[in-house]
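Heads up, the thing below is written out as structure tokens.
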Amino acid sequence: MERIKKTKIEHLWIDPEKRLLFMSDLHGDLRLFQKALKQVGFCSDDILFILGDMIEKGDDDDNLAMLEYMIEFSKQDNVYLLAGNCDEIFRFILPPVDEKKFLYYALTRKHSVINDLAKRMQISLSKEMDINAFVSKIEKEYPSFYQFTDSLPDVLFLNEKMVLVHGGIADINRIPEKAIEVLKYDRFLETAPPQPLLMMVGHYPTRNYRSDVFNVDPIFDFRKRIIAIDGGNNVVKGGQINIVILDCLNGMNFSFQAVDHYPDHYPKYILKEDVYHAQDNRNTNICFGQNEVEILKRDLDFVSIRPLGLKDEMWVHHSFIYTYNGKNYCFDGTNYFMNLKKGDKISIVKLAEPYCLVKQNGTIGLIESTYIHEDELLVD
């Protein structure tokens, strides 16, 4: 395995009458992935594509569990996996490693396969550890992890009708030589030109593209011939795994389903009355990379903040705020107050005072907590 990966391109021809399923950005969530397969009725007659980022950001031990599962799962003839930038973690820890970067990643990103491996090997991650001895031990004891992630293609041409890639490709006739350039392509849907072939991408949560509403459903931009499917699972509060379904390549009819953390983390609730807010069409969504904020005041569980460079104020749960190098950042946030009807079933993403973060049909927003009666939550 080389530290800098050259872009691996594959061309695949499949039965154009088969049903195709597409997912991306599972982020170590094996249980939710299996729930998604069950929900869509995945079987041997289907063909499944996973567009990268299978690991990293999952709960404790989940990243390692996902990796080991995928090594076996990918042996099925109807399963095709692509690389994502997070799946390149084993290049990052090839010895000799940059100790400063390693420590920053290992000590600040607790939900990582590095931490899972350290726990399994009963090694404590600390500034005093012998880093190169640790990564050499991983390389020696788990060579299949390196071999598996190194084998994943970065770009897949499907029957010369579709292009699958984790991040994006601006020009399919000039694909970059370095894989990272197609695996990590932030804001691809915004900046890319129209494509000659239909391109499907993950990597960048779809809610980051929407300024009017906080929504994590797939985006089908047929004008540009781009489909973005990253539902922000384990990244966005209220995120989900999107399953895009194509009836067949001959038909090219798309639909989608989604799974999230109901009932474990997002209990359901049936509203007992209408919820109405006058919208001013100035909704603000905070996303990674544009999330430095000024803290203004606090009201119970929520704080009022102003994103840097904007005039608008917004309320976010205090747990979404963190400090780094003396600056305040917001992990996640929206000032979109939802309008809902009596009888609507919603998911409770964050139960708090004086607001609750709720979700309905992929859209996430706020309502006053007075609308929610905690003793009437639905958990199954």
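The values are calculated or read from the model by the stated rules, or taken from the named source; none is laboratory data. Fair warning: this is a prediction, and the values are worked out from it, not measured in the lab. Using ideal geometry, Cβ is built from the backbone for each residue, glycine included, and neighbour counts are taken over all protein chains shown.
With region 253-327 as the region, which strands (runs of 3 or more DSSP E) entirely inside it contain at least 1 residues that are surrounded by fewer than 19 Cβ atoms within 10 Å (Cβ to Cβ) and in contact (Cβ under 8 Å) with a residue 60 or more places away in the chain?
254-259, 268-270
Consider ARG31 carefully, then state whether it is on the phi < 0 side of the Ramachandran plot, touching a helix residue (DSSP H, G or I) at 6+ places or on another chain (Cβ under 7 Å) and among the charged types (D, E, K, R).
Values: on the phi < 0 side of the Ramachandran plot: yes; touching a helix residue (DSSP H, G or I) at 6+ places or on another chain (Cβ under 7 Å): no; among the charged types (D, E, K, R): yes.
Considered against the rule, which asks whether it is on the phi < 0 side of the Ramachandran plot, touching a helix residue (DSSP H, G or I) at 6+ places or on another chain (Cβ under 7 Å) and among the charged types (D, E, K, R), ARG31 comes out as no.
From the residues in region 110-131 that are surrounded by fewer than 19 Cβ atoms within 10 Å (Cβ to Cβ) and acidic (Asp, Glu), which one is nearest to PHE92 (Cα to Cα)?
ASP130
Yes or no, residue by residue, for (1) within 22 Å of MET54 (Cβ to Cβ); (2) modelled with pLDDT of 95 or more:
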position	(1), (2)
ARG207	yes, no
SER211	no, no
PRO218	yes, yes
ARG223	no, yes
ILE243	yes, yes
ASP247	no, yes
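Which number in (1) touching a strand residue (DSSP E or B) at 6+ places or on another chain (Cβ under 6 Å); (2) crowded, with 18+ Cβ neighbours inside 10 Å marks the one condition that ILE93 misses?
(1)
Which of the residues spanning region 216-228 are buried (at least 24 other Cβ atoms within 10 Å of the Cβ) and touching a Gly at 6+ places or on another chain (Cβ under 7 Å)?
If the condition is that a residue be buried (at least 24 other Cβ atoms within 10 Å of the Cβ) and touching a Gly at 6+ places or on another chain (Cβ under 7 Å), then VAL216 is the only one that fits.
Could you look through region 339-380, keep only residues that are basic (Lys, Arg) and part of a loop (DSSP other than H, G, I, E, B), and pick out the one that is farthest from the chain's Cα centre (by Cα)? Even if it seems obvious, please write down each step before you answer.
First, pick out the residues of region 339-380 that are basic (Lys, Arg): 341-342, 345, 350, 359.
Narrowing further to those that are part of a loop (DSSP other than H, G, I, E, B): 341-342.
Numbers: LYS341: 30, LYS342: 31 Å.
The residue in question is LYS342.
Quick one: in region 142-183, which of the residues that are among the charged types (D, E, K, R) and within 24 Å of TYR69 (Cα to Cα) is modelled with the lowest pLDDT? Working first, answer last.
The first filter runs over region 142-183 and keeps only residues among the charged types (D, E, K, R), leaving 150, 154, 160-161, 171, 174, 177-178, 181.
From the residues that got through so far, the ones that are within 24 Å of TYR69 (Cα to Cα) too are 150, 154.
Details: ASP150: 95, ASP154: 98.
Among those residues, the one meeting the criterion is ASP150.
Here are PHE157, PHE145: which of them is buried (at least 20 other Cβ atoms within 10 Å of the Cβ) and aromatic (Phe, Trp, Tyr)? Walk me through how you get there before you give the answer.
Numbers: PHE157 fails: buried (at least 20 other Cβ atoms within 10 Å of the Cβ).
Selected residue: PHE145, the only one of PHE157, PHE145 that is buried (at least 20 other Cβ atoms within 10 Å of the Cβ) and aromatic (Phe, Trp, Tyr).
Taking strands (runs of 3 or more DSSP E) that do not extend beyond region 1-111, which have at least 2 residues that are of a type outside the set (Phe, Trp, Tyr) and in contact (Cβ under 8 Å) with a residue 60 or more places away in the chain? Show your work before the answer.
On the way: elements: 9-12, 20-23, 47-50, 79-81.
By residue number, 9-12, 20-23.
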